[in-house]
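As structure tokens, the structure follows; a few thoughts come after it.
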Amino acid sequence: MSKAAAKLFTTQPNVSRVIKLFEQELASPLFERTSKVLKLTAYGKSIYSYAENILKNVNLITDTNSISSNNNFSVATYPSNIMSWLLVELYQKNPDMILSHQQGTVEEITTQVSQGFSELGILYVSQNQLKVFRHIISHKKLKFIEIEKRGACIYVGHNNPLYNKTSISFEELLKLKFVRGLNNFFLWNTNWNKLMLLASLQPTVYTNSEHLLTNIILETDVVELGINMVSPSHKQYDIKNLKIEGEDAYLTFGYVIQQDHNLSHNAQELLKSLEKLLKP
């Protein structure tokens, strides 16, 4: 008790009085008292645990307030190695920035932006879903700015018989073995005109390991469904993109922001880098 009083810069009787008043208010004892020791009751331990959580949350709120500067940047994106590389480049240009990044589904991204947790959300939607998507997000007071249309593709390694091809038809996809990783969960759950055909594609490997995903593409005939963009992580490996043929195999890249929002400098820089990648 004396140590507690010293830390609180008060007297021991005052600490005892406050504890007794608190116990009276809770109508339950917090401590077991003996002549030699004072220890928490089971109820006291639970109250102590609740108090710890409250202090942690207070610290989180304080930390959030302390970083509310003009050099803050928060963004939500679809899961992507390419987006992570662009964010690294952005940070390298501005190492004093405070960066917050979340990845998720279309619903999660738009929720992040509508609730103000992220300044913008970078995503893609299938061409045939674009009108419906714009209507839905308008109810969240968001708008979608289109950047570019990109085709879908598969990633193949040098051991794949398709390695020397440049494209593949929807029908040929049905004959392939797929690996599904965390990064392409977003793509597998995108609505297409040929959704029923894509739904019949059955991955033979599921993984959350980037190492397994890369190595199984490199060393076997298993392929990955993806976006027809050159991934920086694929440049160092013998992995190629094969475009999926057909008008339906196109996705619209863009970003969502709150209506009437003016983009920050960091947001503009990230979008410039993304546009440069999409429009080489």
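Quick note: the coordinates plus some simple rules give every number you see, no bench work behind them. From a predicted model like this one, the values you see are computed outputs, not experimental measurements. When we count neighbours, we look across all protein chains shown, and the Cβ atoms used for this are built from the backbone with ideal geometry, even at glycine.
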Quick check: net charge around K131, other residues with Cβ under 15 Å of its Cβ, Lys/Arg +1 and Asp/Glu -1? +2
Quick one: which of K131/K165; K93/K243; K143/K279; K243/K276; K93/K276 span more than 26 angstrom between C-alpha atoms? K131/K165; K93/K243
With a ≥ b ≥ c from the Cα gyration tensor eigenvalues, square-rooted, and the rule rounded for a/c under 1.5, otherwise prolate when a/b > b/c and oblate otherwise, region 69-120 is oblate
Could you give the length gained on full extension between N159 and A27, defined as 0.36 nm per residue of separation minus the Cα-Cα distance, in nm? 40.3 nm
Lysines within cross-link reach of K39: Cα-Cα under 17 Å, excluding same-chain residues under 8 positions apart? K3, K20
Could you calculate the contour length gain from K243 to K272, that is, 0.36 nm times the residue separation minus the distance between their Cα atoms, to one decimal place in nm? 8.0 nm
Which shape class applies to region 31-154: rounded if a/c is under 1.5, otherwise prolate when a/b exceeds b/c and oblate if not, where a ≥ b ≥ c are the square roots of the Cα gyration tensor eigenvalues? prolate
What FRET efficiency comes out for the pair V58/H135, r = Cβ-Cβ distance, R0 = 41 Å, nearest 0.05? 0.50
Env charge @ I147, Cβ radius under 10 Å, K,R +1 / D,E -1, value 0
If each K or R counts +1 and each D or E counts -1, the residues other than V179 whose Cβ falls under 14 Å of its Cβ total -2
